[in-house]
Amino acid sequence: MGMASNILRSSINAFCKSYHSFTSIAALLAFPFSASILFSESLIPFSPSILNTISVRLRVMFQAAGFPPFFSFLNLKLAQTGFTFIATLPFALTFLLFAKASIISIFREYPRSQLTPPSFSNLFPLYRSLVKTHLLSSFIILSSNATVFSLLFLLFNAVDIIGISSDTFLLFISVGGVLLYSTVIAIATVICNLAVIVSAMEDCGAYSAVLKGCMLIKGRVATALALALPANLGMAMAEALFQFRLVNQHRHSIKFNLSVIWEGCSIAYIHALFVVLEIIISCIFFKSCKVDYCLNWSERRELEPEEKGDLRV
């Protein structure tokens, strides 16, 4: 936790040091992505037929796979997540990745150089790497979901074959399955987020970026999860505020005056600031992991001749 707190302090310090550059990126690039997330989530209460169709199909699939009724609460959440992902995918592949390219370009020489905004022409080489890695990361997260559900399918069917029908035992296994699912998806997400940073920082391919991300995060999973928490909590608070202030109060009203639009834009901008902060934290976390990995590698290389000499003696 000490390493996580140091990285958070460095991230906030870097954000404040180049405040105008990062707020400009949030206003121009991250803002459309944040607005698409808030707008897509506001459409969920007004599109119950689509969500009900997806939820029913997921419920039928879970029942056919032998999942206990405890997993029924995941149906609606998975449906909402899938709807939001599809609705915001065009904005994620354009505005979000350009925001990441801008911030990564600023941090490529950090802390040896000043945090100066990059030129727009320098972002396209980074953007190409980011697109490939982002698509591969989405596939990895989807594969992680499928893998966990396959393992749970085998587990629950094995329990059914054995003949264990105790409600307490099934509840215990279900809670353990939910914890396993949450842990695997969280780890896969932080690895994929780090891989996106690696691909632009080191100009490597998507597969190499994922492998390097796995190497760099080894032994630092708890730190990565702790670093992902503050910015994601901030984005969740902005989404909840948008739902409370605009969606819930104006669900039955068709009148939208200037103050309502201004309030929605302000909340979307706050969400965009947390998106920018999350990217900054990921960049500084990558720098920290890179330094530690290089130090450990140099120490191993220095110890090799001594160890070989001892063996010859």
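Bear in mind these aren't lab numbers, they're just calculated from the coordinates by the rules spelled out. Please read all numbers here as calculations on a predicted model, not as lab measurements. For neighbour counting, all protein chains shown are included, and Cβ atoms are generated from backbone atoms with ideal geometry for every residue, glycine included.
A few comments on the model shown:
- P(r) of the range 113-210 over all Cα-Cα pairs, binned every 10 Å from zero, in whole percent: 14, 30, 22, 16, 11, 5, 1
- Once the C-beta distance of S182 and N257 is scaled by a Förster radius of 45 Å, the resulting FRET efficiency is 0.65 to the nearest 0.05.
- Here the Karplus curve 6.51 cos²θ - 1.76 cosθ + 1.60, taken at θ = phi - 60°, turns the phi angles of the range 138-154 into couplings of 4, 5, 5, 5, 5, 5, 5, 4, 5, 5, 5, 5, 5, 5, 5, 4, 5 Hz, with x standing for Gly and Pro.
- Modelled FRET efficiency - R0 41 Å, Y207 with T23, Cβ distances, 0.05 increments: 0.75
- A straight chain from N232 to L76 at 0.36 nm per residue would run longer than the Cα-Cα distance by 54.1 nm.
- Of K100/K212; K77/K218; K132/K212; K17/K212; K218/K287; K17/K132, pairs whose Cα-Cα distance is over 23 Å: K77/K218; K17/K212; K17/K132
- The label point for K132 and the one for L43, both projected 7 Å from the Cα toward the Cβ, are 3.1 nm apart.
- Theoretical gain in end-to-end length, F153 to M215 [0.36 nm per residue, Cα-Cα removed]: 19.3 nm
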